[in-house]
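The values are calculated or read from the model by the stated rules, or taken from the named source; none is laboratory data. Source: prediction; values computed, not measured. We place every Cβ from the backbone using ideal geometry, glycine too, and count neighbours over all the protein chains shown.
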Amino acid sequence: MNGKTGAAEFARAFGSESRRQMLEEYFAAAGAVTPENAWQHVYRLLLWIDRTTGLAHCYESDKAQPGRPWYRRSLAFHDWVSGELGCEPGQLGASIDWLFERGTERMARALTGIEQRRSQLAAEQRRPYEGRGFPEPGDNPALGHVVREELEPYLTTEPPPEVMRRLARRIRAHFTQENKRKNLVGEGFEDALASVIERLPGIADLSVHARPLLHALPGFRPPPGNEKPRRVDVAVVGPQDRRVLVSAKWSVRADREEQFGVDFEAYARLDDAGRDFAFVLVTNEFDAARLVAACERRRQNAALFSSVVHVNPAGVLAAYGTDPRRSASKLAEHITGYRLTSLAHWLSGLTTATPSTEQR
């Protein structure tokens, strides 16, 4: 493997083509996909363990630290999801995060080739400075001091400098990989959702698209020349001018809340068919206030979203338990009334609904 090939493979480890290949691999061994087990596939593919808490991630890490309210809720969610996925709480990590683990394996293989090539080049570049005490690549005295200080009672000998440099490189690589997760829970969620939908029984009359251009979908025109073309996270189209536009967001931050209205206005403005389309939010957000806001958000005299879908609302209710905040109590009402619906319920309707029944 030459340097350019290794660098390209490293960059592609979490890219769209790699995700497609990994999803094909996963579903080839996963068994039948149904509306009822779809949420389990999504969690097995994308849910992860927050290393700062040791628990399944359901909220911002800084707000879920021990002693804070979301630590208690994270414990409750971890307990619930472990039981639902059929594993012990201490073994949950081995049952989830499939896409990230496979992606990091691909990245590690590419990184090995890159490091070998770079080591050879670095040796040539350093040769004029041999014998002058230049620092070695990977030297990190501060990190080495921390490691030795913590492990000193268990060490019988001082680790060689090269071992400490290798440890520092591995730690840096670990955090580099973790930063890739942001992309994975963005586009990876879209890909996983599209993969689940296209494998449902009864889906033959519908076509599923991940991140299509809006104007490539039936009934939408291209934007004006001075306007950037728009993409849809996931689109499902079918007979009788059926069009379902999905905003797939693993979490819902304030900037995304504003974007929902902007997206809908653009979709409506570029609609060329003069017919309704469904605008659906699919999320794994756990903040009750944000979910309530999504359920109640309006545009003129109608709800903004045709459906607000959570991967599994039972997990949210498990997290809040018997001591809900005011917004959590209101959220429970939306769940009971199916304004916030489960992925299973929405997918069941997707294969049976008609264009008229899924609109507002």
Given (1) surrounded by 17 or more Cβ atoms within 10 Å (Cβ to Cβ); (2) over 18 Å from Leu347 (Cβ atoms), Asp272 misses just (1)
Selection from region 194-238 of residues within 14 Å of Ala266 (Cα to Cα), outside any loop (DSSP other than H, G, I, E, B) and in contact (Cβ under 8 Å) with a residue 40 or more places away in the chain yields Leu214, His215, Phe220
Over region 299-345, the set of residues of a type in the set (A, V, I, L, M), in contact with a Ser or Thr (Cβ under 6 Å, 6 or more places away or on another chain) and outside any strand (DSSP E or B) is none
The residue that is surrounded by the fewest Cβ atoms within 10 Å (Cβ to Cβ), considering only those in region 33-54 that are within 13 Å of the chain's Cα centre (by Cα) and part of a loop (DSSP other than H, G, I, E, B), is Trp48
| request: Might you let me know whether region 55-67 holds any residue that is touching a residue at least 60 places away in the same chain (Cβ under 8 Å), of a type outside the set (S, T, N, Q) and part of a helix (DSSP H, G or I)? | output: no
**Item:** Trp39 being among the aromatic types (Phe, Trp, Tyr), at pLDDT 95 or above and over 25 Å from Asn183 (Cα atoms)
**Value:** no
Reported set for region 195-237 where residues are among the small types (Gly, Ala, Ser), under 18 Å from Ala278 (Cβ atoms) and crowded, with 20+ Cβ neighbours inside 10 Å is Ala210, Ala235
**OP:** Restrict the check to region 179-190 and report whether at least one residue is hydrophobic (A, V, I, L, M, F, W, C) and modelled with pLDDT of 90 or more.
**Re:** yes
